[in-house]
Amino acid sequence: MINPVSVIQMLGERHEFIKNHPELKPFIKKTFKETTVGTEIEVCVKNQNGEKHTLMLNIQEGDLPLLKKMQELLK
C-alpha cells in the first residue's frame, strides 16, 4: 500500500525536480501525448562510474491512463 503522506511529499518535490530539469516537462507533455499502444519507451540511466542500465517498455492499453495522469501532474 502506498503511503499517502509520501505521495503528497513527492508531488511537492516535483516542483524542485522540474525547476532543476526544465527540458523534462515539455518533453514528457509532448511525448506522452503522442504515446499509443505499441510505443516503445527506453529508459537509460548512466551512473557516475559509467555503468549503464537500460529498460525497454512496450506500451499497452492499460498503461495509457497512468501516462495521462503523469502528464496532468506536470501542469
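Read the figures in this text as sums done on the coordinates, not as results from a lab. Here the structure is a predicted model, which means the values were calculated and not measured. A quick note on method: Cβ atoms are made from the backbone with ideal geometry, for glycine too, and the neighbour counts reach across all protein chains shown.
Structure notes:
- Only DSSP H runs of four or more residues enter the estimate; each adds -39500 (n - 2.57), and after division by the residues of the chain the mean residue ellipticity at 222 nm equals -15500 deg cm²/dmol.
- The magnitude of the dipole of region 4-73, with charges of +1 and -1 set on the Cβ of Lys/Arg and Asp/Glu and taken from the Cα centre, is near 240 debye.
- Restricting attention to region 30-75, the count of lysine pairs at 8 or more positions apart or across chains with alpha carbons under 20 Å apart stands at 6.
- Label assignment, Rg and Dmax of the Cα atoms in Å derived from the structure, set (1) 21.3, 73; (2) 14.3, 37; (3) 11.4, 35: (2)
- Selection from ASN58, SER6, ASN47, by position along the positive dipole direction of the chain (Cβ): SER6
- Charge tally around GLU23: other residues with Cβ under 14 Å, Lys/Arg +1 each, Asp/Glu -1 each, net +4.
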